[in-house]
Every structure is written in C-alpha cells, then in structure tokens.
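Worksheet: the structure to be examined is printed underneath.
The values are calculated or read from the model by the stated rules, or taken from the named source; none is laboratory data. In this text, all values refer to a predicted model and were calculated from it rather than measured experimentally. No Cβ is skipped: glycine too gets one built from the backbone with ideal geometry, and neighbour counts run over all protein chains shown.
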Amino acid sequence: MSKILIIDDEKSIRSSLKEILEYEKHQTVLANDGEEGINLVMQNNFDLILCDIKMPKIDGIEVLEEIIKINPEIPVIMISGHGNIETAVESIKKGAFDFIEKPLDLNRLLITVRNATDKSNLIVETKKLKQEINRKYEMIGNAPSIMKIKQMIAKIAPTDAKVLITGDNGSGKEVVAHWIHEQSNRADQPFVEVNCAAIPTELIESELFGHEKGAFTSANKQRIGKFEQAENGTLFLDEIGDMSLSAQSKVLRALQENIICRVGGDKKIDVNVRIIAATNKDLKKEIEKHNFREDLYHRLSVILIEVPSLNERKDDIPLLADYFIQNICNDYKMPKKTITEKAIDELKKINWTGNIREFRNVIERLIILCDNSITDDDVKNFAHPLWK
C-alpha cells in the first residue's frame with residue numbers, strides 16, 4: 001500500500017481519484033490547491049503525488065518545481081486538460097514522472113500509478129541496500145593509525161590518484177578501498193572488485209579485459225571485462241601481489257595509456273577508471289624475487305596506505321565489539337546483547353592473527369552461544385584458540 005497525495009482544485013476529480021486509489025488499497029491525502037499540497041509535502045512522506053496542472057494561486061508546474069526542491073525522489077504524475085498537452089510535456093522535462101490527460105482513463109491511470117509506485121519502491125530499496133553496503137564497510141576505530149588513514153582518505157578521495165593499500169589478511173584493506181570510493185567524485189559510479197588471488201592465471205586477463213567470441217575454446221560469446229564494467233568508477237584490484245607477470249604487463253599498459261584490448265581482439269577501447277590496489281605481500285621483496293614488476297609497483301603506489309593489524313590497535317576493541325554486537329544482533333533480529341568490561345579485557349589478551357575478520361567471527365560466536373550479557377568466562381570458553 002502506497003501513501004498518495006492528490007492535488008486538484010476540482011472536488012469531483014479529487015473524489016474520483018480517492019475512490020479509485022483506495023479501492024486499489026492505497027492511502028490517499030487530498031489537497032484543494034497547490035499551496036496546501038506543498039505544505040503537506042513538507043510535513044509528510046508520500047510515495048506518489050498526483051497534481052493538476054491548471055489551478056488557481058499556484059499552478060501545477062510551480063508546485064512540481066517546489067516538490068522537487070523538497071524531495072526530488074517522489075514521483076509526480078501531472079494531470080492535464082485537453083488544452084494543456086504542451087504544458088504537460090514541459091512538466092516531464094522539469095522532472096514529472098508522467099502525465100495523464102483529462103478525462104481520466106481508468107486503465108491508463110492505474111498503469112501509471114503502478115509504474116510510479118514501483119519506481120518509488122525501487123528507490124527505497126536502493127537506499128536500503130546502499131545503507132547496508134555502507135554499514136558493512138564502515139571504518140571503526142579511534143587509534144592514531146586509523147585516524148591517520150581517515151585523514152589521508154579525506155585528502156586523496158576527491159582526486160584520481162592511484163592508491164596501493166597494504167596490510168595483513170583481514171585487517172580491513174577492502175574497507176579502506178570502499179571509503180576512498182564513497183568519498184570520491186566517482187561515488188555514484190560503479191565500484192568493481194577483482195580478487196586477483198582467486199582467479200586462475202589463465203583466466204585473469206579475460207576477467208580484467210574481457211574477451212571476444214571465439215578467443216579460446218570456451219569463449220562462446222563476447223564478454224565485457226572488469227575494466228569496462230568499472231567505466232567512470234573505481235576498479236579495486238585486491239591481492240594484486242598474486243597476479244601473473246603476463247597480466248601485470250597488460251595492466252601496466254592499461255594504466256599508462258588508459259586503453260585496453262579484449263582477449264582475442266585488436267580493437268583499442270578507451271577506459272576511464274580509478275585504480276585502487278591492495279596486497280598482503282611485501283611487493284618490494286616480490287620485485288627482488290622477480291615476481292612483481294617494479295614499473296607497475298611505482299605506477300600503483302602514488303599513494304601508499306598501510307592498514308595496521310588488530311594487535312597494533314587493541315584500544316579499538318571496545319568500539320569494534322559494540323559495533324559488531326549491534327549489527328549482528330540486528331541481523332539476527334534479537335535484542336542487543338551487552339558485554340562486560342572484564343570480557344573486553346579478555347578479548348584484548350587474544351593474539352588476533354586473523355585481525356578484524358577473526359574478531360567479528362568470535363563476536364558472532366559469542367552472541368550465538370552466550371546469554372544476554374557476554375562475560376569474561378564466555379570469552380575464555382568460546383574465544384579460546386581451541387575454538388579457532
């Protein structure tokens with residue numbers, strides 16, 4: 001059921017629309033004129049607005065402009081008389097979802113309302129998903145090393161500088177990459193991730209650059225690679241230290257020229273992506289072993305960010321514990337559990353070789369196995385190395 005505002009100076013039109021929409025299980029609110037409609041929009045949340053174009057005091061186009069200023073995401077359907085088609089078309093240009101001509105056609109009305117409410121629901125779902133993604137990649141901590149990273153991100157995010165993130169497995173390199181993207185000028189464009197360690201050497205080039213039909217035995221159709229998928233956005237090359245030398249040379253060329261070629265093709269394709277790379281390896285040592293190209297390293301490391309291990313910032317454990325308890329309890333739809341100070345002290349004693357990833361798993365285990373309050377005995381029993 002959607003909450004729909006009807007703005008029309010004709011009582012008969014308002015009554016007809018109210019009857020039709022409430023029969024379809026929608027909730028309706030009525031406004032006699034544009035001024036009343038604008039006030040209602042300022043005071044309420046609507047899923048859809050139906051607005052007449054020809055009204056006294058303030059006409060529908062002015063109302064539409066005000067609604068867009070208040071909340072540009074509310075779909076507005078304009079209602080036009082026979083002589084107002086040009087005005088109706090103009091309203092579409094100014095942001096209206098659609099317009100319906102008088103006299104109202106029932107089928108046309110219901111289809112348009114359904115399409116508009118579907119759009120409204122999609123916007124809400126998209127917002128929820130984005131909030132979930134942002135929550136998943138929130139950077140928690142007040143340790144000096146974390147504050148330094150946050151300050152650096154604030155400086156570098158608005159630029160297109162390439163970034164190389166280093167740190168142990170599970171320390172939060174992916175979180176840093178997401179933060180850079182979300183604070184960049186490319187935030188509304190794709191964030192595309194490639195785990196270079198998880199893709200077989202023979203497939204990494206196809207994964208990154210795509211391939212043409214027939215390029216190899218199983219290439220039954222053309223495939224768009226990650227570089228093209230990330231166009232105008234950010235490409236995150238995770239665990240780049242595991243990339244083959246052959247793929248490294250092609251990545252280097254792409255970074256130098258902003259041009260790629262799909263596997264099996266000779267067409268040059270311009271690409272516009274920001275590169276963020278991450279690794280848990282010491283790339284300088286990998287260069288000495290001839291496992292990593294030195295020129296690629298220098299190309300990637302315009303900005304270097306080293307993410308500390310959890311063992312290096314144990315003072316953040318109380319914040320992290322509260323954050324994960326809140327989120328995990330929400331996910332399980334259970335009341336938030338508490339944790340005692342002695343339990344926090346026990347968590348600080350643990351050698352967190354798996355870093356934040358391991359810490360989250362332990363907190364989830366404690367939430368599942370413990371009573372409403374997590375105690376130091378619970379930590380000793382369930383976070384002990386025998387449980388790892």
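I'd like the residue in segment 193-206 that is within 13 Å of Glu239 (Cβ to Cβ) and touching a helix residue (DSSP H, G or I) at 6+ places or on another chain (Cβ under 6 Å) and, out of all such residues, is surrounded by the fewest Cβ atoms within 10 Å (Cβ to Cβ). Across segment 193-206, the extreme among qualifying residues is Ala197. Residues that are under 14 Å from Asn272 (Cα atoms) and hydrophobic (A, V, I, L, M, F, W, C) do occur in segment 222-232, at least one of them. Do we have Leu122 as modelled with pLDDT under 80, within 19 Å of Val76 (Cβ to Cβ) and in a helix (DSSP H, G or I) here? Considered against the rule, which asks whether it is modelled with pLDDT under 80, within 19 Å of Val76 (Cβ to Cβ) and in a helix (DSSP H, G or I), Leu122 comes out as yes. Annotation note: Cβ proximity below 6 Å between a residue of segment 275-294 that is under 21 Å from Ala161 (Cα atoms) and modelled with pLDDT of 95 or more and a residue that is in a loop (DSSP other than H, G, I, E, B) and among the polar types (S, T, N, Q) (sequence gap 6+ or interchain) occurs for Asn280/Asn169.
Gln222 - would you say it is in the same structural domain as Ile156 (by TED's automatic domain parsing) and within 21 Å of Asp160 (Cβ to Cβ)? No.
When restricted to residues that are surrounded by fewer than 14 Cβ atoms within 10 Å (Cβ to Cβ) and among the hydroxyl-bearing types (Ser, Thr, Tyr), segment 207-247 contains 3. Scanning segment 270-286 for residues that are farther than 22 Å from Asn232 by Cα, basic (Lys, Arg) and under 30 Å from the mean Cα position of the chain (by Cα) turns up just one, Lys281. Here Arg299 passes the criteria (1) surrounded by 15 or more Cβ atoms within 10 Å (Cβ to Cβ); (2) in contact with a helix residue (DSSP H, G or I) (Cβ under 7 Å, 6 or more places away or on another chain); (3) not assigned by TED's automatic domain parsing to the domain that holds Met243 except the one numbered (3). Taken together, Asp315, Asp371, Asp322 contain a single residue that is outside the structural domain of Asn169 (by TED's automatic domain parsing) and either of a type in the set (Val, Ile, Thr) or outside any helix (DSSP H, G or I) (or both), which is Asp371. Taking helices (runs of 4 or more DSSP H) as the structural unit, those lying wholly within segment 172-269 and holding at least 2 residues that are under 25 Å from the mean Cα position of the chain (by Cα) and at pLDDT 90 or above correspond to 173-182, 201-209, 226-229.
Here's the yes/no breakdown for (1) touching a residue at least 24 places away in the same chain (Cβ under 8 Å); (2) touching a helix residue (DSSP H, G or I) at 6+ places or on another chain (Cβ under 8 Å); (3) outside any loop (DSSP other than H, G, I, E, B); (4) surrounded by 16 or more Cβ atoms within 10 Å (Cβ to Cβ):
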| position | (1), (2), (3), (4) |
| --- | --- |
| Glu19 | no, no, yes, no |
| Ile61 | yes, yes, yes, yes |
| Leu64 | yes, yes, yes, yes |
| Ala88 | yes, no, yes, yes |
| Arg114 | no, no, yes, no |
